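Colleague: Mind having a look at this structure? Questions to follow.
We did not get these values from a lab; they are worked out from the coordinates using the rules stated. Just so it is clear, the structure is predicted and the values come from calculations on it, not from any experiment. Please note: Cβ atoms are built from the backbone with ideal geometry, for glycine as well, and neighbour counts cover all protein chains shown.
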Amino acid sequence: MNSNEIDIHKELKKYFGFNQFKGLQEQVIKSIINQNNTFVIMPTGGGKSLCYQLPALIQKGTAIVVSPLIALMKNQVDAIRSLSSENGIAHVLNSSLTKTEINQVKKDITSGITKLLYVAPESLTKEEYVEFLRTVPISFVAIDEAHCISEWGHDFRPEYRNLRSIIKQLGDVPVIGLTATATPKVQEDILKNLDMPDAKTFKASFNRPNLYYEVRTKTKNIEADIIRFIKQHKGKSGIIYCLSRKKVEEVAEVLQVNGISAVPYHAGLDAKTRAKHQDMFLMEDVDVVVATIAFGMGIDKPDVRFVIHHDIPKSLESYYQETGRAGRDGGEGHCLAYYSYKDVEKLEKFMSGKPVAEQEIGFALLQEVVAYAETSMSRRKFLLHYFGEEFDSETGEGADMDDNVRNPKVKVEAKDQVKM
Ligand code: ADP
Ligand code: MG
């Protein structure tokens, strides 16, 4: 099949009910249908899933989708099933299935009903599954969250490193890598590890023009400063990220005592409490969630108006992902980070217990955060440059949306001093 032979707009409407493609979706889908190895870099919420779902639905054979989280796979399978009268159109293959369930999955794939097969990377290493998949027609393999391949990414998964050799056993199938991680380093790693230097690459802009970036020096009065900030944003939804569970509890309490409706969220709370607090935030029973980075994966609240970092993040990549939860609806999103060099030292000390290679990566990533916090240039330009993107800090979209641009620091230029 060739992309000139099908009307993909019609198929988009038929399966998903959408009238238009978002961003680069159309080009990506054509590239996949034309059997190219394809690499897609789009920010979270950009619509990456549809890039492989639509080609899978309209092509012969089954597409294998590798995804790191069982919950995400289940969500997608349910969503695809709701588009069709055929339950077997999408399946998940993982270790929790019974023998009978596995047989049903195999039967549906063999009979050509299954268009999308979601697998966790560790399941794909199982001899039994690979043997079976070698015998059926595979349209392509999509690797979602492909940054898990790279140690420079924010979510390295060693199992992802074995994918290429397994895919090779499946024969000559196109490979699609997708990620929201924009650093050139991670991208390079992904292409190298998947052994696809020829991949057609599609990269969307990571600029979020509606987000305002600000860094404040962290002092003893940080709690009072945060309270003042929240009171200026009365009734608005926001997230406050802290490094430790203890700090989360402390800050949540201070806010509550000061009449702000806030709940804590971290991995030390039991699942029921976590779910309750998350729902309270989504349903707007509380304004603020004080959280560790455990909070946010898959959170899709469109009107988060501020994201505050009480402590500095581990990397600029994490900072971008975490602040990216603000202003999803295109409205205001204030991203405020508190910075003190003491926090950097704390993080470094924390990392010093880790293996040397990991430490080195950790330190290097942290230095970029320090540079971001200390810079006097446009923060948006700095962030986008980190992601390999050019940004014109005078005319670019959202150019005046940061503290350094609105209130330039008075600089003494070295050459001026020389003149004197
Ligand atoms: P990503 O994986 O890039 O973070 P998703 O695939 O989860 O993004 O998609 C984000 C949202 O965009 C979803 O709610 C999806 O339904 C929506 N979406 C995707 N493509 C389109 C489109 N062409 N038109 C309208 N909405 C779309
Ligand atoms: Mg996704």
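Colleague: Would you grab the residues whose amide H sits under 5 Å from the one on VAL92? Only those 5+ places off in sequence or on another chain, please, with H modelled 1.01 Å from N.
Modeller: It is TYR118, by chain and number.
Colleague: By the scheme Lys and Arg +1, Asp and Glu -1, what is the net charge of all other residues having a beta-carbon under 9 Å from that of PRO302?
Modeller: Taking every other residue near PRO302 into account, the sum is -1.
Colleague: When the Karplus curve 6.51 cos²θ - 1.76 cosθ + 1.60 is applied with θ = phi - 60°, which whole-Hz ³J(HN,Hα) does each residue of region 402-409 get, with x for Gly and Pro?
Modeller: 3J(HN,Hα) across region 402-409, in whole Hz: 7, 4, 5, 7, 6, 10, x, 6.
Colleague: Amide H to amide H under 5 Å from SER3: which residues, 5+ apart in sequence or cross-chain, H placed 1.01 Å off N in plane?
Modeller: ASN34
Colleague: Among the DSSP beta bridges whose two residues both lie in the chain, what percent are antiparallel, rounded to the nearest 5?
Modeller: 0 percent
Colleague: Which cross-chain or sequence-distant (5 or more) residues have an amide H under 5 Å from the amide H of THR201, H modelled 1.01 Å from N in plane?
Modeller: Residues meeting the amide H criterion: PHE39.
Colleague: Still on this structure, please answer the following. Tell me what the chain gives for mean residue ellipticity at 222 nm when only DSSP H runs of n ≥ 4 count, each as -39,500 (n - 2.57), the sum divided by the residue total, rounded to 500 deg cm²/dmol.
Modeller: Value at 222 nm, helices only: -12000 deg cm²/dmol.
Colleague: Would you mind calculating the gained length between GLU122 and GLN367 on full extension (0.36 nm times residue separation, minus the Cα-Cα distance), in nm to one decimal?
Modeller: In short, 84.9 nm is gained.
Colleague: Distance in nm between label sites at LYS10 and ASP270, each 7 Å beyond Cα in the beta-carbon direction?
Modeller: 5.6 nm
Colleague: Here is a follow-up. Please give every one of the lysines within straight-line cross-link reach of LYS349, meaning a C-alpha to C-alpha distance under 24 Å, and leave out same-chain neighbours fewer than 8 residues apart.
Modeller: Straight-distance partners of LYS349: LYS218, LYS220, LYS246, LYS247, LYS314.
Colleague: Report ³J(HN,Hα) in whole Hz for each residue of region 360-372, in order, from the Karplus equation J = 6.51 cos²θ - 1.76 cosθ + 1.60 where θ = phi - 60°; Gly and Pro get x.
Modeller: 4, 4, x, 5, 4, 5, 5, 4, 5, 5, 4, 4, 4
Colleague: Using the beta-carbon distance between PHE18 and SER95 and R0 = 35 Å, what value does 1/(1 + (r/R0)^6) give for FRET efficiency, to the nearest 0.05?
Modeller: 0.50
Colleague: Please find, in a Gaussian network model of the chain (springs between Cα atoms separated by less than 10 Å), the residue of LYS346, LYS185, LYS115 whose mean-square fluctuation is greatest.
Modeller: Highest fluctuation of the listed residues: LYS346.
Colleague: Same structure again: Using a Gaussian network model of the chain with C-alpha springs under 10 Å, which one of SER82, SER49, SER205 is most mobile by mean-square fluctuation?
Modeller: Maximum among the listed residues: SER82.
Colleague: Quick check: the distance between the Cα centres of region 93-165 and region 371-385, to the nearest angstrom?
Modeller: 40 Å
Colleague: Residue by residue through region 222-238, what is 3J(HN,Hα) from phi via Karplus (6.51 cos²θ - 1.76 cosθ + 1.60, θ = phi - 60°)? Round to whole Hz and write x for glycine and proline.
Modeller: 4, 4, 4, 5, 5, 4, 4, 4, 5, 5, 6, 10, 3, x, 8, 7, x
Colleague: While we're on this one: In nm, give the distance between the simple-model label positions of ASN34 and LYS354, each being 7 Å from the Cα along the Cα-to-Cβ direction.
Modeller: 4.0 nm
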